[in-house]
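Notes to accompany the following structure.
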Amino acid sequence: MKKIAVLGSTGSIGTQTLEVVEQNGDLQVTALAAGANVDLMEQQIRKFRPALACMGDEKKAKELRDRVSDLDVKICAGMDGLLEVVTEPRSETLVTAIVGMIGIRPTIAAMEAGKDIALANKETLVTAGHIIMPLAREKKVRILPVDSEHSAIFQCLNGEDKRAVHKILLTASGGPFRGWSRERLAAVQVEDALKHPNWSMGRKITIDSSTMVNKGLEVMEARWLFGVEMEQVQVVVQPQSVIHSMVEFEDGAVMAQLGAPDMKLPIQYALYYPQRRYLPGERLDFTKLKSISFETPDREVFKGLDLAYQAGGRGGSLPTVYNAANEYAVAAFLERKISYPAIVEMIESAMEHHKVVERPGVEEILAAERETYEFLESRW
């Protein structure tokens, strides 16, 4: 019986992780963490019976504590609670499905406690890859990617000599605004940006996909996960979301991972790696698939992708600023405080203002995040 803990259990990846647990009889959930959804967390506790559960603040934790007082479960709160969840003694693997840079400290703590990481929190590697990857080697723990694209690359590299990688071809659907002009994007409303053509995801990542900032974050994440340079990661628009990513090797051979757009596949692969398990659901039917098409991303219209290459290429604390500015801007857009084009304008403005810190530690990373928020609050 493999034991896991889940950060972000009430979000899109978290709930699908628990569906995978339900579909298999040999996974046990020992600890859960969520932000504010007390109703769903109560349901999860009653179904999966973890020993420990954490909410984002003490008020929500007290409400949950009262609701599950009939059960033998400890309820904690805040960052201290997250750290308790990720170091829960019985768990072997931590699924980091929490959104944002709040995932950095818990991920480090879990690794130091010897836990494997099923990674769905891209901000951890984007901002602290220079800390996370050496620590994984030192502690001899595995980082198993859960993002669809990174899982695809991971599968393509299975059994291959990673030194023979020439290029990573990171696929993108292009989002709901593929082919649009800058002028047309100016009229985009929240409801428009939340209509992804292929994937069902959380609100923040759906907005990120529409701006292609999400793909920019994935480029930076791939750089750390697979030990390549930024210029070795090429984004290819593949609108059907059938090819999840590819790897080109030195001899010109290209490996690709294909499948129906279902996040439970990379989740289950990470939890059982290197074993494969039966997964119910849609299958790719090549007799019905008319074509697979490819396009070059428009990095002028979708400037967020271009800015990601600039941030990742410069390194240091600049990727943190890119990520933090995007988090701030997306939240403002979802609250209808700014226009859609202002998301990328905020990122660019924050990057231009920032004085880069080389090889920042965790405290310097978090300081860069705070400074970015303060700068944007003062200017917008």
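Each reported figure results from applying straightforward, stated rules to the coordinates on display, with no laboratory input. In this text, all values refer to a predicted model and were calculated from it rather than measured experimentally. When we count neighbours, we look across all protein chains shown, and the Cβ atoms used for this are built from the backbone with ideal geometry, even at glycine.
Here are the numbers:
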{"item": "Highest-first arrangement of 350-359, 254-263, where packing means the average Cβ count within 10 Å", "result": "254-263, 350-359"}
{"item": "Cα-based Rg / Dmax (Å) for segment 200-249", "result": "11.9, 36"}
{"item": "Gained length - Ser293 relative to Lys337, 0.36 nm times residue gap less alpha-carbon distance", "result": "12.2 nm"}
{"item": "Under 14 Å from the Cα of Lys60 - aspartates and glutamates, other chains or at least 8 residues apart", "result": "Asp39, Glu42"}
{"item": "Packing-based ranking, highest mean first, of 77-85, 58-66, 142-150 given that Cβ atoms within 10 Å are counted", "result": "142-150, 77-85, 58-66"}
{"item": "Computed Rg/Rh of segment 62-133, alpha carbon atoms with Kirkwood Rh", "result": "1.03"}
{"item": "Set of lysines near Lys303 by C-alpha distance (under 30 Å), chain-local residues within fewer than 8 positions excluded", "result": "Lys122, Lys167, Lys195, Lys204, Lys215, Lys337, Lys355"}
{"item": "Square roots of five times the Cα gyration tensor eigenvalues for segment 176-305, Å", "result": "26, 20, 16"}
{"item": "Relative contact order, percent, the chain [alpha-carbon distance under 8 Å, six or more residues apart]", "result": "15 percent"}
{"item": "Percent antiparallel among DSSP beta bridges (both partners in the chain, rounded to 5)", "result": "25 percent"}
{"item": "Whole-Hz couplings from phi, Karplus 6.51/-1.76/1.60, listed for segment 27-33; x for Gly and Pro", "result": "10, 10, 8, 9, 7, 10, 9"}
{"item": "Mean residue ellipticity (222 nm) of the chain, computed from DSSP H runs ≥ 4 via -39,500 (n - 2.57), nearest 500", "result": "-14000 deg cm²/dmol"}
{"item": "Pairs of alpha carbons in segment 288-380 whose separation is greater than 19 Å (percent)", "result": "44 percent"}
{"item": "Top of Leu170, Leu284, Leu52 by mean-square fluctuation, Gaussian network on the chain, Cα under 10 Å", "result": "Leu284"}
{"item": "Dimensions (Å) - segment 1-124, Cα atoms, principal axes, largest first", "result": "32, 31, 26"}
{"item": "Reachable lysines, given that their alpha-carbon falls under 25 Å from the alpha-carbon of Lys62 and they are not under 8 places away in the same chain", "result": "Lys47, Lys74"}
{"item": "Cα-projected label distance for Ser378 with Asp80, points at 7 Å along beta-carbon direction, nm", "result": "3.3 nm"}
{"item": "Net charge dipole size for the chain [Lys, Arg +1 and Asp, Glu -1 on Cβ; Debye, nearest 20]", "result": "700 debye"}
{"item": "Cα Rg over Rh - the chain, Kirkwood", "result": "0.95"}
{"item": "Estimated inter-spin distance, Val357 and Asp251, nm [label 7 Å along Cα→Cβ]", "result": "4.6 nm"}
{"item": "Highest average packing first - 129-138, 31-40, 218-227, Cβ atoms within 10 Å", "result": "218-227, 31-40, 129-138"}
{"item": "Amide H partners (placed H, <5 Å) of Val357, local residues excluded", "result": "Ser317, Leu318"}
{"item": "Modelled FRET efficiency - R0 45 Å, Glu92 with Arg184, Cβ distances, 0.05 increments", "result": "0.40"}
{"item": "Residues Arg46 and Glu191, FRET efficiency given R0 of 30 Å [Cβ-Cβ distance, rounded to 0.05]", "result": "0.30"}
